[in-house]
Number of protein chains: 2
Amino acid sequence: MSYFSETNSEQVVNGRMSPEADPRMREVMSCLVRHLHAFARECHLRPEEWEAGIDFLTRTGQICSPERQEFILLSDVLGLSMLVDAINNRRPEGATENTVFGPFHVEGAPLRRMGERITLDGKGESCLFRGRVLDCGGNPIEGACVDVWSDNADGYYDVQQPDIQPKWNNRGRFITGADGRYAFVGIKPVSYPIPDDGPVGQLLSRIGRHPWRPAHMHYLVTAPGYQKLITHTFVDGDEYLESDAVFGVKNTLIADYEKLSGQPTEWRSDFDFILVEN
Amino acid sequence: MSYFSETNSEQVVNGRMSPEADPRMREVMSCLVRHLHAFARECHLRPEEWEAGIDFLTRTGQICSPERQEFILLSDVLGLSMLVDAINNRRPEGATENTVFGPFHVEGAPLRRMGERITLDGKGESCLFRGRVLDCGGNPIEGACVDVWSDNADGYYDVQQPDIQPKWNNRGRFITGADGRYAFVGIKPVSYPIPDDGPVGQLLSRIGRHPWRPAHMHYLVTAPGYQKLITHTFVDGDEYLESDAVFGVKNTLIADYEKLSGQPTEWRSDFDFILVEN
């Protein structure tokens with residue numbers, strides 16, 4: 001029997017787990033302990049830094065509420081959310097890539113007629129979004145559900161301003177027909193900062209990072225027999241594309257926005273979604 | 001410019017830190033991000049596991065209060081507290097080793113006369129603790145402060161039972177004379193479980209670990225010109241020596257307890273503390 005020491009710490013801690021514990025729980029926890037110890041050892045973590053970490057985690061937990069999830073925000077700004085998304089959604093070349101889901105999706109948005117307007121507060125630059133839902137062979141998918149949501153022209157989602165914005169503002173669901181096409185009228189979305197008045201905002205400030213996300217439209221595209229697609233399209237040219245606070249941008253998700261004249265909407269953005277079979 | 005991906009995640013996240021941020025902050029955070037990402041990648045962390053982790057951390061933060069620090073408890077049971085202590089208190093062979101400070105020390109315990117009793121509730125098996133405070137050459141250190149504290153016979157510290165135990169029960173400070181000797185009368189301490197009615201207790205249960213600590217007496221030994229010594233002595237033969245929930249036991253800290261007869265106390269435990277010069 002060997003007691004805990006600086007050199008055997010991982011073995012002693014992980015050796016303490018019961019052989020009867022759930023095998024996956026053992027696997028994840030032993031991997032966590034290994035990296036936690038390696039972190040402390042590699043950077044020679046000092047007692048006052050450990051204390052600062054304990055204090056940070058405590059404040060992060062205490063600011064959480066039904067309306068605010070500061071630990072998800074922390075995971076987002078450290079790139080962990082995107083990494084978990086990437087690891088679990090490897091797709092063949094050509095298929096539309098996933099990105100972070102974000103905290104602002106709401107189940108059960110109104111089912112709308114194809115081409116209908118989702119902007120209910122009359123604010124912002126109107127934009128026609130259109131495209132197709134296709135399989136990897138380029139064939140249209142009928143009966144796909146395209147669930148969309150975005151912030152309003154002030155940079156807030158309806159759920160962040162329940163007393164100001166109409167319910168379901170800039171949200172809707174659309175079901176594709178035999179041609180696989182979708183179309184709706186929203187606004188050209190605007191960039192906005194993630195909540196930065198808590199511990200995560202303080203952390204970003206300490207490491208010299210801003211809290212902004214580039215403008216994006218959210219999509220959740222589902223169809224029977226195909227993998228669920230959770231993604232955004234980003235507004236090409238946005239100043240925060242290369243510094244998204246949550247690392248959500250991918251090259252293939254940047255969409256063109258064409259300025260129109262003499263049309264019912266001020267902008268148009270075309271984007272096709274390519275789904276992978278289950 | 002390369003956007004975030006599964007393979008470059010560490011570089012992209014750490015590359016976002018400002019060159020003007022505090023260098024040590026950069027070092028610690030980049031080491032943390034590297035290991036956090038390596039953890040997720042190596043165990044192929046699944047979305048539902050990530051969610052369970054977010055939920056666990058949130059509950060851990062929310063149960064914290066002025067009387068309870070669940071994140072320290074988490075750090076303790078994962079061996080991080082002992083590792084940080086070990087990394088920051090490397091000592092030459094022969095010097096008394098450190099162990100975890102624990103949450104139960106109170107500043108300003110009564111200064112008592114050498115040999116005086118610290119047990120005020122009349123409970124437990126009385127024990128004479130005695131020994132010397134020495135330098136690494138074996139010379140006595142005069143004017144060392146030996147600050148001691150332990151649980152009572154029911155396994156609780158006075159601060160855990162302010163309405164039941166007398167204030168300063170099983171606590172005291174002693175100043176050595178020219179011979180470096182200390183002596184006091186307390187109780188033979190008893191093993192006790194760490195608080196296991198919260199998220200950390202649930203985690204221990206999931207990985208098949210018990211919450212018990214082997215019986216120990218706490219010591220904080222300080223003397224001008226010497227490194228601060230924070231340690232315990234453990235009761236030899238305790239059933240939890242090899243499975244301390246917080247990994248605090250070291251071979252050199254296990255103390256003999258001699259059963260006495262016809263003496264003022266039922267037990268005697270001798271232990272010398274060897275301090276390292278600053």
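Every number in this text was worked out from the coordinates using simple rules, so none of it is lab data. Every value quoted in this text rests on a predicted model; they were computed, and no experiment measured them. A quick note on method: Cβ atoms are made from the backbone with ideal geometry, for glycine too, and the neighbour counts reach across all protein chains shown.
When the P(r) is computed for the protein assembly as shown, the part past 48 Å accounts for 28% of the Cα-Cα pairs.
Debye-formula intensities of segment B:1-111, expressed as log10 I(q)/I(0) at q = 0.10, 0.14 Å⁻¹, are -0.51, -0.92 (one equal scatterer per alpha-carbon, no solvent).
I need the trypsin sites (Lys or Arg not before Pro) found in segment B:225-278, filtered to DSSP loop residues with at most 14 other beta carbons within 10 Å of theirs. Can you show the working numbers first?
Numbers: sites: B:LYS228, B:LYS250, B:LYS259, B:ARG268; in loops: B:LYS228, B:LYS250.
Loop-located and lightly packed - B:LYS228.
Relative contact order for chain B: what is it in percent, counting Cα pairs under 8 Å that are at least 6 residues apart?
Numbers: 487 pairs, mean separation 58.2, N = 278.
It comes to 21 percent, rounded to a whole number.
Segment A:1-55: which GluC sites (Glu not before Pro) are DSSP loop and have at most 13 other beta-carbon atoms within 10 angstrom? Could the numbers behind the result be given before it?
Details: sites: A:GLU6, A:GLU10, A:GLU20, A:GLU27, A:GLU42, A:GLU48, A:GLU49, A:GLU51; in loops: A:GLU6, A:GLU20.
Answer in residue order: A:GLU20.
Just round it to a whole percent: the fraction of Cα-Cα distances in segment B:1-45 exceeding 17 Å. Before the final figure, lay out each step's value.
On the way: 343 of 990 pairs.
Counting every Cα pair in segment B:1-45, those more than 17 Å apart make up 35 percent.
Annotation: amide H of A:ARG132 within the under-5 Å range of A:TYR182, A:PHE271, A:ASP272, A:PHE273, sequence separation 5 or more or interchain, hydrogens built in the peptide plane.
Taking 4.7 Å between beta carbons as the limit, the unpaired Cys residues of the protein assembly as shown are A:CYS64, A:CYS127, A:CYS136, A:CYS145, B:CYS64, B:CYS127, B:CYS136, B:CYS145. Between the helical axis of A:47-62 and the longest alpha-carbon principal axis of chain A there is an angle of about 40 degrees. Projecting the Cα atoms of A:VAL84, A:LEU241, A:PRO189 onto the dipole axis of the protein assembly as shown, where Lys and Arg carry +1 and Asp and Glu carry -1 at the beta carbon, places A:PRO189 farthest toward the positive end.
Sorted from shortest to longest, the distances between the B:PRO264 label points of this copy and the other copies are 9.8 nm, with each point 7 Å from Cα along the line through the beta carbon. Modelled spin labels at A:SER18 and A:HIS44, positioned 7 Å past Cα toward Cβ, are 4.1 nm from each other.
Couplings 3J(HN,Hα) of segment B:72-85, computed from phi: 5, 4, 4, 4, 5, 6, 8, x, 5, 4, 5, 5, 4, 4 Hz, in residue order, whole Hz [Karplus 6.51 cos²θ - 1.76 cosθ + 1.60, θ = phi - 60°; x for Gly and Pro].
Against the main long axis of the alpha-carbon atoms of chain A, helix A:23-42 sits at an angle near 70°. Placing a label point 7 Å from Cα along the Cα-to-Cβ direction at A:GLY108 gives distances to the equivalent points in the other copies of 5.7 nm, listed shortest first. Working note: 222 nm ellipticity from helices only, DSSP H runs with n ≥ 4, each -39,500 (n - 2.57), summed and divided by the residues of chain B, gives -7500 deg cm²/dmol to the nearest 500. Evaluated at q = 0.19 Å⁻¹, a Debye calculation over the C-alpha positions of segment A:47-159 (equal weights, vacuum) places log10 I(q)/I(0) at -1.26. Here the Kirkwood formula, the inverse mean of 1/r across different C-alpha pairs, assigns chain B a hydrodynamic radius of 21.3 Å.
Restriction of the trypsin sites (Lys or Arg not before Pro) in segment A:165-215 to DSSP coil positions whose beta-carbon has at most 13 other beta-carbons within 10 angstrom yields A:LYS167. Pairs of Cα atoms in segment B:175-278 fall into 5 Å distance bins, from 0 up to the last occupied one, in shares of 2, 10, 17, 18, 17, 14, 10, 7, 3, 1, 0 percent.
Given contacts defined as C-alpha pairs under 8 Å and at least six residues apart, what's the relative contact order of segment A:149-262, whole-number percent? Present the calculation step by step, with values, prior to reporting the outcome.
On the way: 149 pairs, mean separation 22.8, N = 114.
That works out to 20 percent.
Considering the convex hull of the alpha carbon atoms of segment A:74-220, report its projected area averaged over all viewing directions, in nm², one decimal.
Values: hull surface 40.1 nm².
That works out to 10.0 nm².
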